[in-house]
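Novice: My questions all concern the structure below.
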Amino acid sequence: MLGVAAHIAGERGGGTRGRQSARFDPAMTDEERNSLANLLYVCRNCHERIDAHPHGELKYPTARLLDIKAEHEHAVAAAVDEGLATVTFSELAEATRWVTEVPPPPPGRDFSRVAIEDKIERNGLSLSSQNLIVAHLAVARQVRSFIQELSRDDPGFPARLISGFLEHYHKLRARGTTSGEDLFNSMCMFARRGFGDVKTQSAAQAVLVYLFETCEVFEQ
């Protein structure tokens with residue numbers, strides 16, 4: 001099953017560019033239309049169905065698509081909560097295995113901490129993202145113990161872990177992603193790295209959120 005990104009409120013306004021997209025909202029800016037808040041992943045068949053004129057637009061108005069997205073996010077949040085309850089060092093090890101390929105950061109790099117409340121405010125994170133952070137901070141002590149345990153045999157592991165996340169963060173910024181909410185969601189996707197197991201996905205996001213709280217990741 002392949003997913004495609006679908007716009008909730010349509011992408012195009014018609015005119016010289018062709019027919020107006022389903023659910024096009026002229027009051028939205030281009031940045032708002034292409035933000036993660038206005039996108040959802042669906043299969044190709046569903047994408048064609050919801051964008052069809054006029055039936056798709058009538059059967060799947062903006063409010064319904066937002067409800068579908070919210071219901072799915074609620075189900076995912078429940079699965080994450082369940083996964084976090086049983087995260088072990090095994091899942092944390094699998095979630096951070098990629099760090100072995102990350103080169104060490106430059107000497108003297110400062111990964112100083114910024115208060116998490118300030119970081120959330122600077123990035124303008126939504127209530128949904130804030131709730132995700134709170135949920136994953138519940139296992140912060142376990143993540144810290146895991147990192148400390150690995151650093152006994154591999155002293156450079158913590159710095160490479162931070163450096164690996166920071167490198168991807170700055171790539172996103174260089175590509176033009178400026179919204180804190182979009183950056184946070186993209187970093188969560190990077191952390192999950194395609195893991196199919198919910199427990200490993202939860203472990204990966206727990207590591208990211210731990211770094212969000214403790215050091216220079218997600219600075220605006």
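Novice: What distance in nm separates the simple spin-label points at residue 20 and residue 52, each placed 7 Å from Cα in the Cβ direction?
Specialist: 2.1
Novice: Non-local amide H neighbours of residue 39 (under 5 Å, H modeled in plane, Pro and chain starts lacking H): which ones?
Specialist: Answer set, sorted by chain and number: 8.
Novice: Using a 1.4 angstrom probe on heavy atoms only, work out the carbon and sulfur share of the accessible area of the chain in %. Walk me through the numbers on the way to the answer.
Specialist: Working: 6540 of 12440 Å².
After summing per-atom areas, the C and S share lands at 53 percent.
Novice: May I pose another question? Pick out which of 115, 206, 138 has the largest mean-square fluctuation in a Gaussian network model of the chain, springs linking Cα atoms closer than 10 Å.
Specialist: Sorting by GNM fluctuation, first place goes to 115.
Novice: Please give the length that would be gained between residue 148 and residue 74 if that part of the chain were fully extended, namely 0.36 nm times their separation in residues minus their C-alpha to C-alpha distance (nm, one decimal).
Specialist: Between residue 148 and residue 74, full extension yields an extra 23.3 nm.
Novice: Using mean Cβ contacts within 10 Å as the protection proxy, how do 168-175, 36-43 order, highest first? Numbers along the way, then the final one.
Specialist: Details: 168-175: 12.8, 36-43: 17.8.
Highest to lowest by the protection proxy: 36-43, 168-175.
Novice: Mind checking which aspartates and glutamates have their Cα closer than 19 Å to the Cα of residue 59? Skip sequence neighbours fewer than 8 apart in that chain.
Specialist: Of all the aspartates and glutamates, those that pass the test against residue 59 - Cα under 19 Å, at least 8 places apart if same chain - are 11, 25, 48, 51, 67, 71.
Novice: Mind putting together the pair-distance distribution for the range 142-220? All Cα pairs, 5 Å bins, whole percent per bin, short to long.
Specialist: Pair shares across the bins are 3, 15, 25, 25, 19, 10, 4, 1.
Novice: Find the relative contact order for the range 143-220 and round it to a whole percent, using C-alpha pairs within less than 8 Å whose residues are 6+ positions apart.
Specialist: Values: 42 pairs, mean separation 25.9, N = 78.
Computed value for the range 143-220: 33 percent relative contact order.
Novice: May I pose another question? After finding the eigenvalues of the alpha carbon gyration tensor for the chain, what semi-axes result from the square roots of 5 times each, listed largest first in whole Å?
Specialist: 36, 19, 15
Novice: Rank by packing, highest mean first: peptides 184-194, 80-90, with packing defined as the count of other Cβ atoms within 10 Å averaged across residues. Provide the component values of the computation, followed by the final result.
Specialist: Numbers: 184-194: 17.8, 80-90: 14.8.
In descending order of packing, they fall as 184-194, 80-90.
Novice: Taking the radius of gyration and the Kirkwood hydrodynamic radius from Cα positions alone, what is the Rg/Rh ratio for the range 92-189, to two decimal places?
Specialist: Numbers: Rg = 14.5 Å, Rh = 15.0 Å.
Here Rg/Rh amounts to 0.96.
Novice: Under a cut-off of 25 Å between alpha-carbon atoms, report the lysines in cross-link reach of residue 119, not counting same-chain residues fewer than 8 places apart.
Specialist: 171
Novice: Over the chain, average the accessible area per residue using a 1.4 Å probe and give it in Å², no decimals.
Specialist: Solvent-accessible surface per residue comes out at 57 Å².
The values are calculated or read from the model by the stated rules, or taken from the named source; none is laboratory data. In this text, all values refer to a predicted model and were calculated from it rather than measured experimentally. Every residue, glycine among them, receives a Cβ derived from its backbone with ideal geometry; neighbour counts consider all protein chains shown. Note: accessible area is taken over every heavy atom of the protein model, side chains too, but ligands, DNA and RNA are not part of it. Shrake-Rupley method; radii C 1.70, N 1.55, O 1.52, S 1.80 Å.
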